[in-house]
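The values are calculated or read from the model by the stated rules, or taken from the named source; none is laboratory data. Predicted model only: the values in this text are computed from it and were never measured. As a convention, Cβ positions derive from the backbone with ideal geometry for all residues, glycine included, and neighbour counts pool all protein chains shown. Please note that ligands, DNA and RNA were not included when accessible areas were found on the heavy atoms of the full protein model with its side chains. Shrake-Rupley method; radii C 1.70, N 1.55, O 1.52, S 1.80 Å.
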Amino acid sequence: MVTLDKSKDLFDKARVILPGGVSSPVRAIKPYPFYTESANGCRIKDIDGNEYIDYCLAYGPNILGHANPVIKQAIIDQLDKGWLYGTPTGLEVTLAEKIASLYPSIDMLRFVSTGTEATMSALRAARGFTRKNKFVKIEGGFHGAHDAVLVKAGSGATTHGKPDSLGIPEDFTKNTLQVAYNDIEAMTEVIESNQDDMAAVIIEPVLGNIGPILPEGDYLKEVRKVTEENDVVLIFDEVITGFRLAMGGAQEYFGVTPDMTTLGKIVGGGLPIGVFGGKREILDMISPSGSVYQAGTFSGSPASVAAGIAAVDILEKEKVHEKLEATGNMLRAGLNDIIADKGLDYHVGGIASMFKVFFGDKPLNYQDVLKCDKEGYLQFFHDMLDSNVFLPPSQFETNFLSTAHTEADLETTLEAYAANLK
Ligand SMILES: Cc1ncc(COP(=O)(O)O)c(C=O)c1O
Ligand SMILES: N[C@H](C=O)CCC(=O)O
């Protein structure tokens with residue numbers, strides 16, 4: 001049983017000065033979160049001295065574990081040279097060329113500072129390019145916290161029961177059309193009936209912010225076909241899946257090439273980053289080449305880009321994805337065995353190094369996942385924390401594996417699942 005006395009005291013202070021006591025809603029674990037002292041490899045330590053095996057991994061970026069020494073050295077080397085210039089650097093060209101060589105959907109790209117900025121800018125570019133206004137978003141998809149996409153949004157928005165945000169004028173979301181994931185008829189219908197003003201479809205190829213929920217059959221290929229037939233820009237939001245499912249993300253894994261791609265998380269090696277890229281004719285619209293304005297003081301931040309180059313290099317040289325796929329399969333098999341032994345009606349979802357136990361039937365979309373036992377999951381989350389395993393604190397967030405998780409860590413984790421699943 002872990003005790004969190006110091007964390008509780010800190011939370012009491014924090015909630016006076018920080019809304020909800022946190023800097024991002026997903027961190028507001030009830031009744032109070034643990035406050036982190038440090039993290040290394042697959043382990044995270046709180047200020048009360050408890051240590052946990054971490055499957056949250058900062059919500060995905062730390063695929064190589066916390067404080068990877070090679071990434072750390074790349075950051076230190078960059079800090080020695082200064083960390084913000086307001087001028088272009090060769091680092092940006094190096095990382096951009098590498099990304100473009102791995103993502104056939106990307107002829108050109110721009111660096112930004114977060115995934116939120118990446119999707120906001122990608123949508124602006126798609127609208128500017130097509131001179132159209134509407135776009136389709138998937139129910140339960142999460143593309144960051146900008147106005148146009150905070151409609152039936154997954155992640156913390158759903159966890160805290162507020163998938164639509166106050167403070168966003170109706171005019172800002174009237175062009176955001178929603179369809180259920182894995183429903184190609186609904187997608188086709190909404191595109192065809194709004195074709196005159198339909199700019200884009202934005203989709204997480206694997207729903208990571210209420211999941212992971214996987215595409216069924218040829219769903220992604222069919223989405224590609226219907227968008228192509230109707231001249232609609234298809235944007236894959238690969239902020240989670242980019243460099244996680246494969247070097248070339250979900251588009252490589254599933255063999256589907258969108259018109260635009262957004263990246264973040266892993267591609268910054270754990271420092272803040274976002275990327276939006278796509279076909280040359282679309283990216284040529286971005287200022288100063290074109291008339292779609294986009295800018296940022298911290299865009300292409302040298303430390304983030306240096307960390308990203310180091311991370312991508314390790315992922316490629318060490319063939320990390322093959323190993324993580326095998327680890328993920330082993331863990332999911334172990335979880336399935338536990339659930340079968342206990343006769344529970346739960347579903348183990350996942351792909352590659354993403355996984356989750358759903359407290360309910362296999363979900364295909366947002367409405368399905370909402371039927372899962374959210375409160376039961378929260379209790380289970382606390383039980384796992386007491387067993388020194390840190391999972392993201394919501395039924396609606398994905399668990400992640402890293403190269404730092406050893407077989408012994410996985411065995412300990414499976415024992416904790418076996419002890420706590422009921
Ligand atoms: C799929 C997806 N898109 C966009 C974002 C926004 O990224 P960021 O938190 O870096 O703004 C996230 C995560 O927050 C995400 O999971
Ligand atoms: N699910 C979110 C991103 O993937 C979690 C990150 C956050 O909102 O702080």
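Considering only residues that are touching a Leu at 6+ places or on another chain (Cβ under 8 Å), closer than 18 Å to residue 100 by Cα and of a type in the set (Val, Ile, Thr), look in segment 210-260 and name the one that is nearest to ligand 1 (Cβ to nearest atom).
239
For segment 250-272, name all the residues that are closer than 30 Å to residue 82 by Cα and open to solvent by 10 Å² or more (accessible area, probe 1.4 Å).
Listed by number, the residues that qualify are 265, 269, 270, 271, 272.
From 217, 167, 161, which residue is assigned to a loop (DSSP other than H, G, I, E, B), more than 23 Å from the chain's Cα centre (by Cα) and outside the structural domain of residue 357 (by TED's automatic domain parsing)?
Working: 217 fails: more than 23 Å from the chain's Cα centre (by Cα); 161 fails: more than 23 Å from the chain's Cα centre (by Cα).
Among 217, 167, 161, only 167 is assigned to a loop (DSSP other than H, G, I, E, B), more than 23 Å from the chain's Cα centre (by Cα) and outside the structural domain of residue 357 (by TED's automatic domain parsing).
Scan segment 235-245 and give yes if some residue there is within 16 Å of ligand 2 (Cβ to nearest atom), at positive phi and assigned by TED's automatic domain parsing to the domain that holds residue 130, otherwise no. Step through it out loud before you land on a result.
Taking segment 235-245 first, the residues within 16 Å of ligand 2 (Cβ to nearest atom) are 236-245.
Checking the rest, the ones that are also at positive phi come to 243.
Subsequent filtering for residues that are assigned by TED's automatic domain parsing to the domain that holds residue 130 retains 243.
Yes, there is a match, as at least one residue in segment 235-245 is within 16 Å of ligand 2 (Cβ to nearest atom), at positive phi and assigned by TED's automatic domain parsing to the domain that holds residue 130.
When you check residue 190 against the structure, is it of a type outside the set (D, E, K, R) and at pLDDT 95 or above, yes or no? So that I can check it myself, show each step before the final result.
Working: of a type outside the set (D, E, K, R): yes; at pLDDT 95 or above: yes.
Against the criterion (of a type outside the set (D, E, K, R) and at pLDDT 95 or above), residue 190 qualifies.
What pairs can you find where one residue is in segment 113-132 and within 16 Å of ligand 2 (Cβ to nearest atom), the other is among the hydrophobic types (A, V, I, L, M, F, W, C) and open to solvent by 30 Å² or more (accessible area, probe 1.4 Å), and their Cβ atoms are less than 7 Å apart, with a gap of 6+ or different chains?
113/298; 116/145
So, in segment 272-282, exactly how many residues are within 15 Å of ligand 2 (Cβ to nearest atom) and more than 16 Å from residue 99 (Cβ to Cβ)?
Counting residues in segment 272-282 that are within 15 Å of ligand 2 (Cβ to nearest atom) and more than 16 Å from residue 99 (Cβ to Cβ) gives 1.
Quick check on my filter: what residues within segment 370-422 are open to solvent by 50 Å² or more (accessible area, probe 1.4 Å) and not in a helix (DSSP H, G or I)?
Matches in segment 370-422: 371, 373, 388, 403, 406, 422.
Within the set of pairs 6+ apart or on separate chains, which have a first residue in segment 349-360 that is closer than 11 Å to residue 327 by Cα, a second that is in a loop (DSSP other than H, G, I, E, B) and open to solvent by 10 Å² or more (accessible area, probe 1.4 Å), and C-beta atoms under 6 Å apart?
Short answer, once both residue conditions are applied: 351/214.
For residue 353, all conditions in the list (1) on the phi < 0 side of the Ramachandran plot; (2) away from ligand 1 (no atom under 16 Å from the Cβ); (3) of a type in the set (S, T, N, Q) hold save one; what is the number of the exception?
(2)
The conditions are (1) touching a Phe, Trp or Tyr at 6+ places or on another chain (Cβ under 8 Å); (2) open to solvent by 10 Å² or more (accessible area, probe 1.4 Å); (3) under 25 Å from residue 28 (Cα atoms); (4) touching a residue at least 24 places away in the same chain (Cβ under 8 Å), and residue 367 fails exactly one of them. Which is it?
(1)
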